[in-house]
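Input: a single structure, listed below in structure tokens.
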Amino acid sequence: MQLHPPERVEAFLTSGGWSEETFDDLLARWVAERGDELAIIDPPNLEALAGSAPRRLTWSELDREVTAQSEELAGPVVCFQLPNSIELVVRILACARAGVIAVPLPVQFREHERSQVKEIVSSVSAGDGGPEVNRCCTVCFTSGTEATPKAVPRCAGDWCAIARVTVEGVGIDAGSVLLCPFPIVNMAGIGGM
């Protein structure tokens with residue numbers, strides 16, 4: 001499913017607001033440039049949250065896990081509910097690599113919210129031609145602090161533009177360490193992932 005009209009995509013690309021890079025392109029670049037460097041760390045309380053010990057992965061290790069999971073994914077849409085963790089990041093990146101739409105759900109969602117999600121995503125399809133950078137790669141949800149959480153589809157162009165502005169705006173570089181205080185599944189999180 002292409003998210004933006006062709007003329008808007010062309011304007012984004014021409015202006016430099018977007019590039020042709022996708023999540024998978026960025027990961028491949030980081031693996032090539034910094035394969036043996038630390039990429040991601042689980043939260044120290046992961047065992048209390050999810051029952052598994054916290055881990056640390058290099059860029060190359062992250063890429064291998066993404067590859068392994070991407071080969072197991074099928075369907076136009078994959079829904080999952082995980083806490084902020086390496087596993088969540090791997091699942092989102094694996095969906096992107098496999099060409100399926102990732103629908104990460106907030107951990108606080110229960111059966112009522114999950115049944116609403118099923119209705120929302122049942123009409124979503126992954127592919128219909130057009131530029132890869134404009135293909136829907138995620139459906140995330142607003143936090144619901146003021147109303148019922150709303151589904152927001154995003155493409156790689158949207159996410160990569162948000163991430164680039166975040167990085168450039170605060171001067172993040174290869175030596176920076178980033179704490180992601182937002183739930184990755186919400187609208188602010190993936191841009192900082």
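The values are calculated or read from the model by the stated rules, or taken from the named source; none is laboratory data. These numbers were taken from a predicted model, which means no experiment stands behind them. A quick note on method: Cβ atoms are made from the backbone with ideal geometry, for glycine too, and the neighbour counts reach across all protein chains shown. The protein model used for the area step is the full one, side chains on, heavy atoms only, and it has no ligands, DNA or RNA in it. Shrake-Rupley method; radii C 1.70, N 1.55, O 1.52, S 1.80 Å.
Counting only residues that are of a type outside the set (Lys, Arg) and over 24 Å from Glu113 (Cα atoms), the range 49-83 holds 18 of them. Only residues that are open to solvent by 10 Å² or more (accessible area, probe 1.4 Å) and among the polar types (S, T, N, Q) were counted across the range 134-159, and they come to 4.
When Glu111, Glu71 are screened for being of a type in the set (D, E, K, R), open to solvent by 70 Å² or more (accessible area, probe 1.4 Å) and more than 17 Å from Leu27 (Cα to Cα), only Glu111 passes. Name the residues in the range 110-147 that are at pLDDT 75 or above and polar (S, T, N, Q), would you? Result: Ser115, Gln116, Asn134, Thr138, Thr142. Among the conditions (1) modelled with pLDDT under 95; (2) surrounded by fewer than 18 Cβ atoms within 10 Å (Cβ to Cβ); (3) within 18 Å of Leu178 (Cα to Cα); (4) hydroxyl-bearing (Ser, Thr, Tyr), Ser85 misses just one, which is (2). Condition check for Ile162 on (1) within 22 Å of Ser19 (Cα to Cα); (2) aliphatic (A, V, I, L, M); (3) in contact (Cβ under 8 Å) with a residue 60 or more places away in the chain; (4) surrounded by fewer than 19 Cβ atoms within 10 Å (Cβ to Cβ): one failure, at (3).
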